[in-house]
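One structure is given below, encoded as structure tokens.
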Amino acid sequence: TLKAIFAYLIMPLFFIIILLVAIVIPNLFMARVAANEAVAKATVETISSAIEKYAVANNGQYPADEYDLKYAKPPYLDKIYNGKTIDGYVYSVHLNSSGYKITVVPSKCNDTGNKDFTVETKGTVLESVCK
């Protein structure tokens with residue numbers, strides 16, 4: 001009877017658990033990727049907004065580097081992003097007195113994120129599928 005109990009109760013339960021795990025793990029992965037992308041896009045918008053506010057306060061002159069944004073009184077950013085990997089995305093911030101370009105790409109395409117984000121001087125955030 002022990003074999004019958006195992007065959008009729010335990011084995012189907014085992015397969016149901018495996019099926020549930022097979023469904024849940026990809027969904028958790030997709031949720032993490034979506035969260036990374038949302039954070040990256042919001043951060044690009046925040047950096048761009050900080051740069052534009054700096055330019056307005058400095059007669060149209062853009063900052064030379066992120067240190068001007070972080071150490072201004074009051075600060076426009078709370079940290080430096082250029083060259084950093086945050087939540088699976090690598091940030092590249094290029095500044096000069098006449099403009100800027102911010103690019104954010106996943107550290108591992110299709111693993112930490114599926115989209116690249118770019119914004120240039122006074123532009124909107126552009127999204128593209130990472131390669």
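The values are calculated or read from the model by the stated rules, or taken from the named source; none is laboratory data. Since the structure is predicted, the reported quantities are computational estimates derived from the model, not experimental observations. Glycine gets a Cβ as well: all are built from the backbone with ideal geometry, and neighbour counts include every protein chain shown. Areas reflect the complete protein model, heavy atoms only, side chains present, ligands, DNA and RNA absent. Shrake-Rupley method; radii C 1.70, N 1.55, O 1.52, S 1.80 Å.
A few remarks follow.
- Residue pairs whose Cβ atoms lie under 8 Å apart, separated by 6 or more positions or on different chains, with the first residue in segment 70-90 and closer than 16 Å to A38 by Cα and the second assigned to a loop (DSSP other than H, G, I, E, B) and open to solvent by 90 Å² or more (accessible area, probe 1.4 Å), are G88/K108; V90/K84.
- For segment 69-76, the criterion of a residue being surrounded by 15 or more Cβ atoms within 10 Å (Cβ to Cβ) and touching a Gly at 6+ places or on another chain (Cβ under 9 Å) is satisfied by no position.
- The set of residues in segment 88-98 being at pLDDT 95 or above and either more than 19 Å from T124 (Cβ to Cβ) or of a type outside the set (A, V, I, L, M) (or both) consists of G88, Y89, V90, Y91, S92, H94.
- Any strands (runs of 3 or more DSSP E) falling wholly within segment 77-131 and containing at least 2 residues that are among the polar types (S, T, N, Q) and on the phi < 0 side of the Ramachandran plot: 89-96
- Unmet criterion (only one of (1) of a type outside the set (S, T, N, Q); (2) assigned to a helix (DSSP H, G or I); (3) modelled with pLDDT under 95) for K73: (2)
- Members of segment 1-52 found to be loosely packed, with under 14 Cβ neighbours inside 10 Å and of a type in the set (G, A, S), listed by number: A4, A7, A22, A31, A34, A35, A38, A42, S49
- Residues satisfying the stated conditions in segment 118-131, i.e. farther than 17 Å from G99 by Cα, open to solvent by less than 70 Å² (accessible area, probe 1.4 Å) and of a type in the set (A, V, I, L, M, F, W, C): C130
- Residue in segment 53-64 that is under 21 Å from P106 (Cβ atoms), among the charged types (D, E, K, R) and surrounded by 13 or more Cβ atoms within 10 Å (Cβ to Cβ) present: no
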